[in-house]
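Below is one structure, written out as structure tokens; the observations come after it.
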Amino acid sequence: MQKQTISQIKTMLQREHIEMNHLEQLRQDQRKGVQDLLKSYDRKQQNLLDLQKSFHQKQQFEQSFVSNFAQLIAGVDEAGRGPLAGPVVVAAVILPKEFTLYGLTDSKQVPQQQREIYYEKIVQEAIAYHIKTVDAALIDKMNIYEATKYAMNEALLGLSPMPNVGLIDAVDITVPSLSTYSITKGDAKSISIAAASILAKVTRDRIMDQVHQEYPMYGFTKHKGYGTKDHLTALKTFGPCKYHRKTFSPVKETN
């Protein structure tokens, strides 16, 4: 029987399912191109197994906070506590028990294009989600920590149905008739918090892209309001705009 070409084998290895006996036959093929393709295939398969394991560990972690399978868990996370400009954005999300998204983790560890894809899947399949933004003026009035706590409370209270448990990334909040837990590095431990981090990050990035259209001189599309060298240079040149947090250094030094 004529051997498959390297190109044909490459196409076959890109399929979702390959018969084991076919794989074993390929492993007997001594052509270097075939062996290189198999090494790449094996790495991808191992990576998928690692992602599956990580996902199920996150699921098991958050299920330890409920007493029965019917109870609803909400994950809560924020984006934008550190920037010099723009809002802080908080998302709360309840995922169905059967939700599956291998690779879902802390939004900072997910490439921008992948975050957009994850965002769409989360909002389409979530039992409920709610996103709350707090603008720079209110952040200046309340301080960033209190503004974040306020937004987290509002995001949880905006869910329908209401969850039984709220898992919050590294912030202590109290919500009536709801058990809340502050989880250090929760977006790397809990699927629901990771999902909330994606919703918050994507939403905030979109807001900052809109802000850039109004004030292009600051380069908000590049740094999203964080204190990069280019942002600080623009701040010294043009002074703060209405989206800057006036109580934050070095913004307050330019007023």
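The values are calculated or read from the model by the stated rules, or taken from the named source; none is laboratory data. As the structure is a prediction and not an experimental result, all values here were calculated from the model. So basically every Cβ, Gly included, is an ideal-geometry build from the backbone, and we count neighbours across all protein chains shown.
Descriptive notes on the structure:
- Test: residue in region 102-113 that is surrounded by 19 or more Cβ atoms within 10 Å (Cβ to Cβ), in a helix (DSSP H, G or I), among the small types (G, A, S) and in contact with a helix residue (DSSP H, G or I) (Cβ under 9 Å, 6 or more places away or on another chain): yes
- For region 58-68, the set of residues classified as loosely packed, with under 13 Cβ neighbours inside 10 Å and either under 17 Å from Y102 (Cα atoms) or aromatic (F, W, Y) (or both) consists of Q60 only.
- Condition check for G82: surrounded by fewer than 18 Cβ atoms within 10 Å (Cβ to Cβ) and closer than 26 Å to A147 by Cβ: yes
- Pairs, first closer than 17 Å to D187 by Cα in region 48-72, second of a type in the set (G, A, S) and outside any helix (DSSP H, G or I), C-beta under 8 Å, six or more apart: L51/G103; F55/G103; K58/S190; F61/S190; E62/G75; E62/S190; F65/S179
- Residues satisfying the stated conditions in region 132-170, i.e. in a strand (DSSP E or B) and within 19 Å of F61 (Cβ to Cβ): V165, G166, L167, I168, D169
- When region 10-35 is limited to residues that are within 30 Å of L104 (Cα to Cα) and surrounded by 12 or more Cβ atoms within 10 Å (Cβ to Cβ), the one that is nearest to the chain's Cα centre (by Cα) turns out to be L13.
- Taking the listed residues E116, E62, E120, E125, the one that is in contact with a Pro (Cβ under 8 Å, 6 or more places away or on another chain), modelled with pLDDT of 90 or more and not aliphatic (A, V, I, L, M) is E125, with no other qualifying.
- Any chance V89 is of a type in the set (A, V, I, L, M) and within 29 Å of A126 (Cβ to Cβ): yes
- Any hit, region 40-47, residues being outside the structural domain of N164 (by TED's automatic domain parsing), surrounded by fewer than 16 Cβ atoms within 10 Å (Cβ to Cβ), within 20 Å of the chain's Cα centre (by Cα) and of a type outside the set (D, E): yes
- Matching residues, region 186-224, being in a loop (DSSP other than H, G, I, E, B) and small (G, A, S): S190, G219
- Some residue of region 225-246 being in contact (Cβ under 8 Å) with a residue 40 or more places away in the chain, under 26 Å from the mean Cα position of the chain (by Cα), part of a helix (DSSP H, G or I) and crowded, with 19+ Cβ neighbours inside 10 Å: yes
- Residue within region 171-185 that is closer than 14 Å to Q109 by Cα and either assigned to a loop (DSSP other than H, G, I, E, B) or under 12 Å from the mean Cα position of the chain (by Cα) (or both) present: yes
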